1. With every protein chain present, what accessible area does Trp67 have (1.4 Å probe, heavy atoms only), rounded to the nearest 10 Å²?
2. Mind listing the long-range amide H neighbours of Leu74? Cut-off is under 5 Å, sequence gap 5 or more, other chains count too, H placed in the peptide plane at 1.01 Å from N.
3. Using a probe of 1.4 angstrom, how much of the accessible area of region 1-120 is carbon and sulfur, in percent?
4. Tell me, in nm to one decimal, what length is gained between Val132 and Asp83 on full extension, where the rule is 0.36 nm per residue of separation less the Cα-Cα distance?
5. Can you run phi through the Karplus equation (6.51, -1.76, 1.60; θ = phi - 60°) for region 41-55 and list ³J(HN,Hα) in whole Hz, with x for Gly and Pro?
6. For region 20-82, what does the accessible surface come to per residue with a 1.4 Å probe? Please give it in Å².
7. From the protein chains alone at 1.4 Å, what is the descending order of accessible area for His116, His71, largest first?
8. Calculate the spin-label point distance for Ala110 paired with Leu143, positioning each point 7 Å from the Cα along the beta-carbon direction, and give it in nanometres.
Amino acid sequence: LDQHALQIGATYVFQLVARQAASENGPEGSSSVTIRVNTPPEGGKCTVVPASGMAMTTEFSFDCSGWEDVHKPLKFTFSVLQDGLWRSIGLPTGVEYLKAKLPKGAFTAADGSFYHRVRVTVGDYFNAEFYVEFNITVAPADLAALGGAQQVLNGSLSSLQDAGAAGNLNSFSQTFML
């Protein structure tokens, strides 16, 4: 069977019949198994506040609540599309929320604003996944208002040191990605 040949949530019966090859009337045996194809988590929603901000200064709060599935624990992966690849913001965790500062948007809208395409993937224990995608506007950082590029770099270095000292791999990964 092809990888996606079975329909999500459907029930299938597979049966195997074996008979002795040398004789049409020889002994025969059979067995069957009934399976139900796993379904991904459902019923939740994902939001981000604010919907727009400034690179490396605005802290975006992602919240994905209300997701349900019988195969727990659930896993949440937050990512942005960059250079044709989905790049994780932090590490996949069982936590349904994330706070992150993002770089300037990777895409340019018709009005000249910059935005990121964000994907939140919600998976169950057996990796059945559902994803939600949305855009958030992230304008370039105003380095003059920030005190220049050195302040941005110092802030990132400080965040890395704080996250590493606290053993917080998720924060460390978020800062490193930026």
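The values are calculated or read from the model by the stated rules, or taken from the named source; none is laboratory data. Just so you know, these numbers come straight off a predicted model, no measurement behind them. All Cβ positions, even for glycine, are placed from backbone atoms using ideal geometry, and neighbour counts span all protein chains on display. Calculation scope for accessible area: heavy atoms of the full protein, side chains included, ligands and nucleic acids excluded. Shrake-Rupley method; radii C 1.70, N 1.55, O 1.52, S 1.80 Å.
1. Roll a 1.4 Å probe over it and Trp67 shows about 20 Å².
2. It is none; the list stays empty.
3. On the way: 3970 of 7710 Å².
Using a 1.4 Å probe with all protein chains present, region 1-120 comes out at 51 percent carbon and sulfur.
4. Working: separation 49, 0.36 × 49 = 17.64 nm, distance 1.95 nm.
Result for the pair: 15.7 nm of gain on full extension.
5. Result, ordered by residue: x, 8, x, x, 8, 10, 9, 9, 9, x, 7, 8, x, 10, 4 Hz.
6. On the way: 3680 Å² over 63 residues.
Ligands and nucleic acids excluded, the result is 58 Å² per residue.
7. On the way: His116 0, His71 60 Å².
These residues rank, largest area first, as His71, His116.
8. 3.2
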